[in-house]
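Working notes, structure below.
The values are calculated or read from the model by the stated rules, or taken from the named source; none is laboratory data. On a predicted model such as this, the values are computed, not experimentally measured, just so you know. Note that each Cβ is placed from the backbone with ideal geometry, even for glycine, and that neighbours are counted across all protein chains shown.
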Amino acid sequence: MKHTNKEPIAAADTEAAQYLTFMLGGEAFGIGIMAVKEIIEFSGITEVPMMPESIRGVINLRGAVVPVLDLAARFGRPQTVPGKRTCIVIVELESDGERQLTGVVVDAVSAVLDIPATDIEPAPSFGTRIRGDFIAGMGKVNGKFVILLNVDSVLALEGLPDLAAELLT
């Protein structure tokens, strides 16, 4: 069948969003790829006294002080025990018109997946072990669910945007 200019060739693609998927405590999670800047190996974290348990410390990312959040601890679980595949996902958010980089510790990065909007269900009101406002939706991938995170809520620790400034003074 010959394609004509009148036929949309990628209508379904315009509705799909890309997510970086990763494992944490045996569960699959996803973050919108537009927020992900890079993935680095788990190393070089400097602990900072008097920080919440979910803040592992800071790293030097090409001269910038970047706070590192332990996602498991943020969800009320024990801190992540680093393994061979443990890594830090660098996420960029905009807060009050300024870019804020935050590192997120995950057990292992899986893949970048296209998840069509039709395969995303609303967050359940019960039955998950993390706060409802942390979940943007539940993506269906190959018959299994991927918990799609609302990174704005997950990373919205009080004072987190000012953490790097405090450490430099």
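Side notes on the structure shown:
- In this entry, THR14 passes the filter for residues that are outside any loop (DSSP other than H, G, I, E, B), modelled with pLDDT under 95, among the hydroxyl-bearing types (Ser, Thr, Tyr) and surrounded by fewer than 14 Cβ atoms within 10 Å (Cβ to Cβ).
- Tally, over the range 60-71, of residues that are crowded, with 19+ Cβ neighbours inside 10 Å and not β-branched (Val, Ile, Thr): 4
- Enumerated strands (runs of 3 or more DSSP E) restricted to the range 72-169, each holding at least 1 residues that are at pLDDT below 80: 87-95
- Pair list, Cβ < 8 Å and 6+ apart or interchain, from the range 76-98 residues that are under 19 Å from LEU20 (Cα atoms) to residues that are assigned to a loop (DSSP other than H, G, I, E, B) and aromatic (Phe, Trp, Tyr): THR86/PHE42; CYS87/PHE42; ILE88/PHE42
- The range 26-50: number of residues that are within 22 Å of GLU121 (Cα to Cα) and outside any strand (DSSP E or B): 4
- The set of residues in the range 99-124 being exposed (fewer than 14 other Cβ atoms within 10 Å of the Cβ), within 19 Å of ALA16 (Cβ to Cβ) and over 16 Å from the mean Cα position of the chain (by Cα) consists of ALA117, THR118, GLU121, PRO122.
- Count of the range 49-85 residues which are farther than 16 Å from VAL151 by Cβ, within 17 Å of the chain's Cα centre (by Cα) and among the charged types (D, E, K, R): 3
- Test result for GLY57, surrounded by fewer than 15 Cβ atoms within 10 Å (Cβ to Cβ) and in contact with a strand residue (DSSP E or B) (Cβ under 6 Å, 6 or more places away or on another chain): no
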